[in-house]
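What follows is one structure encoded as structure tokens, with my remarks underneath.
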Amino acid sequence: MHGDGLPEASRVQQELKELAKVAEGDLKDAGSREKIEATRVHFLGKKGLVSKILRQMGDLPAAERPSIGLVANEVRDRIEALIDEGIARLENAQRDLVLLESIDVTLPGRRQRMGAKHPLTQTIEKIQDVLKGLGFDLAFGPEIEHDFYNFEALNVPAHHPAREMQDTFYVDRDVMLRTHTSPVQIRGMLALKEPPMRIASVGRVYRRDQDVTHSPVFHQVEGLFVDDKVTFADLKGTLASFVSQVFSPTARIRLRPSYFPFTEPSAEVDMSCFACDGQGCRLCKNTGFIEILGAGMIDPEVFKAVNLDPEKVSGFAFGIGVERVAMLKYGISDIRLFYENDLRFLEQF
Ligand code: DAH
């Protein structure tokens, strides 16, 4: 026992805690790494204050040493933590200084430009949504296609002008970039196990053609419905609903007899001009109608090519040019605008 009345162990513990407080004060406003290092040596070094106190433990009864060792460890940990904090504080301050020198925080921020979907993507998504609503499943086919799917099975005879080098990009004698999405019909019907089947396919097609309304690469949508008693009235109803949903609720359709090798009978489908509602204007060249797609009942020859019995199944198909739909919908007169990616054009959609 010492003169102050405290047991020796309590006095040493007290001294240690005081040291932690002093160290805290010293480290709080240590403005340099050197100062922090000096403080560390001062308290925790071999000849530092904590060690010095611990050395006095030898004078104490063995029973009191563990409790002092405990406090000594706490104090050492505490001071080490304060040192780490001090170093982190200095590093942050240093980083802020560098940023302050390189960034003018008074400059206005940079505006983030919002992207938007390309008008063709918007048109494709609209068409797909409407067709899905009409019960069609989405189907896909390759863009590099074999003659069998692109022409042969679609009843396009070998001498047909569509097969000419001027119209088709050939990869090989029998392999080409598909000239339309109709081969997806063939692939769909070949895979058909049990009618009915309703599929729609959107994709790129390729033709050797280039002017303000024709691009060598463009997009088509193909629709196909096969069942046991499909009629021309089903085709008409589907197309009327499709056109009114894609263009305008008041849009009407008109069918004109036409010819496609893969449909019989075939029709060219016009819709009432949405600019003048059928009254006649510049857009519809005063006819009140605009041609938008080709369609017809599946030709028996096509059914035979895909091993279906034309006596047992029937069906309709239609093909739409996506660019043409988008040009009409948005009043665009040059197809090339879709592919030039000029923001002044794209930002309008
Ligand atoms: N494949 C035709 C074309 O590219 C479009 C077409 C017409 C598709 C009539 C059809 C159809 O499915 O029945 O010009």
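The values are calculated or read from the model by the stated rules, or taken from the named source; none is laboratory data. The structure displayed is predicted, hence computed values, not measured ones. Ideal geometry is used to build each Cβ from the backbone, glycine not excepted, and the neighbour counts take in all protein chains shown. Accessible surface is based on the protein model in full, side chains and every heavy atom, while ligands, DNA and RNA are left aside. Shrake-Rupley method; radii C 1.70, N 1.55, O 1.52, S 1.80 Å.
For the reader, a short list of remarks on this structure follows.
- Strands (runs of 3 or more DSSP E) contained in the range 242-348 and holding at least 3 residues within 16 Å of the ligand (Cβ to nearest atom) and of a type in the set (D, E, K, R): 263-272
- Inside the range 190-201, residues that are in contact with an Asp or Glu (Cβ under 8 Å, 6 or more places away or on another chain), assigned to a loop (DSSP other than H, G, I, E, B) and in contact (Cβ under 8 Å) with a residue 40 or more places away in the chain make up a count of 1.
- Matching residues in the range 28-60 - criterion: being in contact with a helix residue (DSSP H, G or I) (Cβ under 7 Å, 6 or more places away or on another chain), under 18 Å from GLN94 (Cβ atoms) and either modelled with pLDDT under 90 or surrounded by fewer than 12 Cβ atoms within 10 Å (Cβ to Cβ) (or both): ALA30
- If you check VAL243, VAL230, VAL221 for being more than 35 Å from the chain's Cα centre (by Cα) and among the hydrophobic types (A, V, I, L, M, F, W, C), only one passes: VAL230.
- Residues of the range 304-333 satisfying the condition of being exposed (fewer than 13 other Cβ atoms within 10 Å of the Cβ) and under 34 Å from the mean Cα position of the chain (by Cα): GLY331, SER333
- Checked against the criterion of being surrounded by 10 or more Cβ atoms within 10 Å (Cβ to Cβ) and either in contact with a helix residue (DSSP H, G or I) (Cβ under 7 Å, 6 or more places away or on another chain) or part of a helix (DSSP H, G or I) (or both), the range 100-114 contains one or more residues that satisfy it.
- Test: residue in the range 81-99 that is open to solvent by 40 Å² or more (accessible area, probe 1.4 Å), within 18 Å of GLU15 (Cα to Cα) and modelled with pLDDT of 90 or more: no
- Being assigned to a loop (DSSP other than H, G, I, E, B) and open to solvent by 30 Å² or more (accessible area, probe 1.4 Å) holds for only one residue in ARG187, ARG208, ARG204, and it is ARG208.
- Flag if THR123 is among the hydroxyl-bearing types (Ser, Thr, Tyr) and at pLDDT 95 or above: yes
- Leading residue by the ranking (nearest to GLY237 (Cα to Cα)) among those in the range 115-139 that are surrounded by 10 or more Cβ atoms within 10 Å (Cβ to Cβ) and without any contact (Cβ under 8 Å) to a residue 24 or more places away in the chain: ASP129
- Qualifying residue in the range 41-64 (condition: part of a helix (DSSP H, G or I), in contact (Cβ under 8 Å) with a residue 24 or more places away in the chain and among the basic types (Lys, Arg)): no
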